[in-house]
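K.L.:
Before I ask anything, let me first share the structure, which is written out below as structure tokens.
The values are calculated or read from the model by the stated rules, or taken from the named source; none is laboratory data. Please read all numbers here as calculations on a predicted model, not as lab measurements. Here the Cβ positions follow ideal geometry from the backbone for every residue, glycine too, while neighbour counts run over all protein chains shown. Note: areas computed on protein heavy atoms with side chains; ligands, DNA, RNA excluded. Shrake-Rupley method; radii C 1.70, N 1.55, O 1.52, S 1.80 Å.
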Amino acid sequence: MKIGVFDSGYGGLTILQGIRDLLPEYDYVYLGDNARAPYGTRSFDVVYGYTLEAVKWLQSRGCDLIILACNTASAKALRSIQQNDLPRLGAEKRVLGVVRPTVEAVGAFTKSRCVGVLATEGTVASKSYTIEIGKLSPDIKVYEQACPMWVPLIENGEADSKGAEYFINKYVSQLIEQCAEIDTIVLGCTHYPIIKKSIERLLPDGVKVIAQGQIVAESLKDYLHRHNEIDVKCSRGGSVEYFTTESVEKFLALSRQFASDMDDISVRRVEFQGDGLK
């Protein structure tokens, strides 16, 4: 059994790298639905349909444990898939997200108990972070800011451009204006670590910016430790297979800004057709 990692775009590669840094011995399959990214502006039903399609395809590749390395998919589709689809797809199969591990870690970082979230429109609209943080730490106040321009800029190689600088400043300022006491900011999209340093330069001293790669990796390690029945099924060859719904050439060109070991990889293209993949 291999571990599947899915993202709507390229940001999931930051999650995969964090996981592989901590758990290099396992075999992984990465699927990026790059042709239909970004998911952040799409409806709940569309994100759910796309995500379920990807989950089924990864399961067909032998991945009975899948990480949704996408905040929008985790916020909009994960619960429905876990509750409605996994019972008929197989009781032994698991699909996990990135929101819950991040939420579980937040309480250890904030002292003011005021937390900011920078995320896509879809994730902010779902209120997933506000709801989940409220369940675990009801004393924490959450302030969310949608950043609709960041993913397109990052995926088009414009992360260091003047245009990106303008929109980074705009959204960070809008978040801080909501509450001056914010001392912890969650990057609620896996693309955002690419501009983490640019974000930090705009913040007051002492404000902590949390990226998800290491947090999700630690959570997965703990999950496998607690679920030995799953861990023993996982193959350990240290391999990664990469798949994209976009062109292979585009994936290779853009993936290098998200992960450090993408120079000599092999990528294959898969094509969505209606409600299935071929």
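K.L.:
Under 9 Å between Cβ atoms, which residue pairs at least 6 apart in sequence (or on different chains) link something in segment 232-247 that is at positive phi with a partner that is open to solvent by 30 Å² or more (accessible area, probe 1.4 Å) and at pLDDT 95 or above?
P.N.:
Going by the 9 Å Cβ cut-off, the qualifying pairs are 238/20; 238/24; 238/25.
K.L.:
On the given criteria, is residue 140 at pLDDT 95 or above and either among the acidic types (Asp, Glu) or in contact with a Phe, Trp or Tyr (Cβ under 8 Å, 6 or more places away or on another chain) (or both)? Walk me through how you get there before you give the answer.
P.N.:
On the way: at pLDDT 95 or above: yes; either among the acidic types (Asp, Glu) or in contact with a Phe, Trp or Tyr (Cβ under 8 Å, 6 or more places away or on another chain) (or both): no.
So residue 140 fails the test.
K.L.:
Scan segment 135-144 and tell me whether some residue there is under 26 Å from residue 264 (Cβ atoms) and either within 19 Å of the chain's Cα centre (by Cα) or not in a helix (DSSP H, G or I) (or both). Can you show your working first?
P.N.:
We begin by selecting, within segment 135-144, every residue under 26 Å from residue 264 (Cβ atoms); these are none.
No, every residue in segment 135-144 fails to be under 26 Å from residue 264 (Cβ atoms) and either within 19 Å of the chain's Cα centre (by Cα) or not in a helix (DSSP H, G or I) (or both).
K.L.:
Look through 99, 115 and report the one residue that is open to solvent by less than 30 Å² (accessible area, probe 1.4 Å) and over 30 Å from residue 27 (Cβ atoms).
P.N.:
When all the criteria are applied, what remains is 115.
K.L.:
Can you work out which of the residues in segment 132-148 that are in contact with a helix residue (DSSP H, G or I) (Cβ under 9 Å, 6 or more places away or on another chain), more than 22 Å from residue 177 (Cβ to Cβ) and not acidic (Asp, Glu) is surrounded by the fewest Cβ atoms within 10 Å (Cβ to Cβ)?
P.N.:
Selected residue: 135.
K.L.:
Hey, among the residues in segment 170-229 that are of a type in the set (Asp, Glu) and closer than 20 Å to residue 132 by Cα, which one's surrounded by the fewest Cβ atoms within 10 Å (Cβ to Cβ)? First the steps, then the outcome.
P.N.:
Quick first cut of segment 170-229, residues of a type in the set (Asp, Glu) only: 177, 181, 183, 200, 205, 218, 222, 229.
Still in the list and also closer than 20 Å to residue 132 by Cα: 183, 218, 222.
On the way: 183: 18, 218: 17, 222: 12.
Top of the filtered list is 222.
K.L.:
For segment 113-131, how many residues meet the condition of being part of a helix (DSSP H, G or I) and either of a type outside the set (Asp, Glu) or free of Cβ contacts under 8 Å to residues at least 12 places away in the same chain (or both)? Talk me through it step by step, then tell me what you get.
P.N.:
Within segment 113-131, the first condition is being part of a helix (DSSP H, G or I), and the residues that meet it are 121-126, 128-131.
If we keep only those that are either of a type outside the set (Asp, Glu) or free of Cβ contacts under 8 Å to residues at least 12 places away in the same chain (or both) as well, we get 122-126, 128-131.
Selection size over segment 113-131: 9.
K.L.:
Could I ask something else about it? Given (1) open to solvent by 80 Å² or more (accessible area, probe 1.4 Å); (2) closer than 30 Å to residue 253 by Cα; (3) in contact (Cβ under 8 Å) with a residue 40 or more places away in the chain, identify the lone condition not met by residue 166.
P.N.:
The one condition residue 166 does not meet is (3).
K.L.:
Just wondering, is there one or more residues in segment 255-276 that are part of a helix (DSSP H, G or I), open to solvent by less than 70 Å² (accessible area, probe 1.4 Å) and within 24 Å of residue 73 (Cβ to Cβ)?
P.N.:
From segment 255-276, those part of a helix (DSSP H, G or I) are 255; that's our starting set.
Adding the requirement that they be open to solvent by less than 70 Å² (accessible area, probe 1.4 Å) leaves 255.
Narrowing the set further to residues that are within 24 Å of residue 73 (Cβ to Cβ) leaves 255.
Among the residues of segment 255-276, at least one is part of a helix (DSSP H, G or I), open to solvent by less than 70 Å² (accessible area, probe 1.4 Å) and within 24 Å of residue 73 (Cβ to Cβ), which makes the answer yes.
K.L.:
Conditions first: (1) within 14 Å of the chain's Cα centre (by Cα); (2) open to solvent by 10 Å² or more (accessible area, probe 1.4 Å). Residue 27 passes all but one, so which condition is the exception?
P.N.:
Result: residue 27 fails condition (1) only.
K.L.:
Only one of 136, 52, 86 is touching a Gly at 6+ places or on another chain (Cβ under 8 Å) and not polar (S, T, N, Q); which?
P.N.:
Numbers: 52 fails: touching a Gly at 6+ places or on another chain (Cβ under 8 Å); 86 fails: touching a Gly at 6+ places or on another chain (Cβ under 8 Å).
Every option except 136 fails the conditions.
K.L.:
All but one of (1) within 23 Å of residue 217 (Cβ to Cβ); (2) buried (at least 18 other Cβ atoms within 10 Å of the Cβ); (3) within 16 Å of the chain's Cα centre (by Cα) hold for residue 38; state the number of the condition that does not hold.
P.N.:
(1)
K.L.:
Every residue in segment 5-24 that is aliphatic (A, V, I, L, M) and either open to solvent by less than 20 Å² (accessible area, probe 1.4 Å) or closer than 17 Å to residue 192 by Cβ (or both), please.
P.N.:
Result: 5, 13, 15, 16, 19, 23.
K.L.:
If you scan segment 58-69, which residues turn out to be open to solvent by 10 Å² or more (accessible area, probe 1.4 Å) and either in contact with a helix residue (DSSP H, G or I) (Cβ under 6 Å, 6 or more places away or on another chain) or part of a helix (DSSP H, G or I) (or both)?
P.N.:
Quick first cut of segment 58-69, residues open to solvent by 10 Å² or more (accessible area, probe 1.4 Å) only: 59-62, 64.
59, 60 - these are the residues of segment 58-69 that are open to solvent by 10 Å² or more (accessible area, probe 1.4 Å) and either in contact with a helix residue (DSSP H, G or I) (Cβ under 6 Å, 6 or more places away or on another chain) or part of a helix (DSSP H, G or I) (or both).
K.L.:
Sticking with this one: Right, residue 86: open to solvent by 10 Å² or more (accessible area, probe 1.4 Å) and more than 15 Å from the chain's Cα centre (by Cα) or not? Before the answer, list the steps.
P.N.:
On the way: open to solvent by 10 Å² or more (accessible area, probe 1.4 Å): yes; more than 15 Å from the chain's Cα centre (by Cα): yes.
So residue 86 passes the test.
K.L.:
Could you go through segment 70-81 and let me know if any residue there is out of contact with any strand residue (DSSP E or B) (no Cβ under 8 Å at 6 or more places or on another chain), open to solvent by 10 Å² or more (accessible area, probe 1.4 Å) and either in a loop (DSSP other than H, G, I, E, B) or farther than 20 Å from residue 186 by Cβ (or both).
P.N.:
Looking through segment 70-81, at least one residue is out of contact with any strand residue (DSSP E or B) (no Cβ under 8 Å at 6 or more places or on another chain), open to solvent by 10 Å² or more (accessible area, probe 1.4 Å) and either in a loop (DSSP other than H, G, I, E, B) or farther than 20 Å from residue 186 by Cβ (or both).
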